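Right, one structure below, let's go through it.
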Amino acid sequence: MLLKDRVAIVTGGAGVNGLGFATARMLAAQGATVAILDLASANPTAAAAELGPDHLGVVADITSKQQCDAATESVLGRYGRIDILFNNAGITQPRKTLEISATDYDAVLDVSLRGTLLMSQAVLPVMQRQKGGSIICTSSVSAQRGGGILGGPHYSAAKAGVLGLARAMAREFGADGIRVNCITPGLIATDIIRGKLTEERKEKIAEDIPLARLGRADDIAGAVVFLASDLSSYCTGITLDVNGGMLIH
């Protein structure tokens, strides 16, 4: 197993059809003990129970520093260490530039960018004491191509901010043995697109992707497992595209 005896935190991981839960399941399959963080309404305790009795569900709003710190302390108190953080939580909104309100901007930036910073701040001192750890941050192909299929410009901006934040943290904490990397998913067939794209539209999008299909949640999970494991021990500050070739540089 690639992750035996390691402890992982997955934010926004309670949706059983989402990227976070698929990744939590694959991390657990590779030997990790997983703590799923999510809002109370998402029921992270039930999601963790789906993985087995050794895993933990923690209620936390990652836009709150106090709740990020408390969640981290809960995980540390239960398991004694934190080896992996998957900053997965995020929200999107289908807005055009002139439609973005201050409330829209705050909602998207707070979860995707502020949440990534606050959770990283919470676990980094633990990883420093351990002299090692891996943080994986979820950005998006929309940050690279300047807009996505569903998210507005404020979503692209938030996800571009994640790229810069992760690279800066990678430089700062590399000497502590802490690796910080990003994944940039393309269009992934999860609940986030359910009811928003017709089957005809999905087929049309797939025609323009070299691998000729939309992504699956497990495609992202596999990339996260790679970046969490020693297979990527000389990778930090990288952006790993997981988009089927949608964006070939």
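Here, each number is a calculation from the coordinates, and none is a lab measurement. What you see is a predicted model; the values in this text were computed from it and never measured. With ideal geometry, Cβ positions are generated from the backbone for all residues, glycine too; neighbour counts draw on all protein chains shown.
Charging the Cβ of each Asp and Glu at -1 and of each Lys and Arg at +1, and nothing else, the dipole of the chain about its Cα centre rounds to 320 debye.
Restricting the trypsin sites (Lys or Arg not before Pro) of segment 93-163 to loop positions (DSSP other than H, G, I, E, B) with no more than 16 neighbouring Cβ atoms within 10 Å leaves Lys96, Lys131. Between Ser41, Ser232, Ser134, the Gaussian network model of the chain with springs among Cα atoms under 10 angstrom shows the greatest mean-square fluctuation at Ser41. Think of the chain as having a plus end and a minus end, set by charges on the Cβ of Lys, Arg, Asp and Glu; of Leu247, Gly31, Thr116, Leu247 sits farthest toward the positive end of this dipole. From its DSSP helices (H runs of at least four residues, each -39,500 (n - 2.57)), the chain gives a residue-normalised ellipticity at 222 nm of -13000 deg cm²/dmol.
On the beta carbon distance between Gln93 and Asp5, with R0 = 41 Å, the FRET formula returns roughly 0.55. A Cβ-based charge dipole, computed about the Cα centre of segment 24-79 with Lys and Arg at +1 and Asp and Glu at -1, lands at about 80 debye. For the chain, the residue among Ala228, His154, Asn43 whose Cα projects farthest onto the positive side of the dipole built from Cβ charges is Ala228. Over the chain, the alpha carbon radius of gyration divided by the compact-protein estimate 2.2 N^0.38 Å works out to 0.95.
Full extension of the chain segment joining Ala29 with Asp104 gains 23.3 nm, where the gain is 0.36 nm per residue of separation less the Cα-Cα distance. Straightening the chain between Ala46 and Glu199 buys 52.0 nm, computed as 0.36 nm per residue apart minus the Cα-Cα spacing. Modelled label positions at Ser64 and Gln128, each set 7 Å beyond Cα in the direction of Cβ, lie 2.5 nm from each other. Residues whose amide H falls under 5 Å from that of Ala35, counting only those 5 or more places apart or on a different chain, are Ala8, Ile9, Val10, Leu56, with hydrogens built in the peptide plane.
Taking amide H positions as modeled 1.01 Å from N, with prolines and chain starts lacking one, the residues under 5 Å from Val242 and 5 or more places away or on another chain are Thr184, Gly186. Shape index of segment 129-249: Rg/Rh, with Rg the Cα radius of gyration and Rh the Kirkwood radius from the inverse mean 1/r over Cα pairs, equals 1.02.
If you take the Cα centroid of segment 120-183 and the Cα centroid of segment 209-249, the two points sit 14 Å apart.
Taking amide H atoms as placed 1.01 Å from N in the peptide plane, the amide H of Asn88 lies under 5 Å from those of Thr11, each 5 or more residues away in sequence or on another chain.
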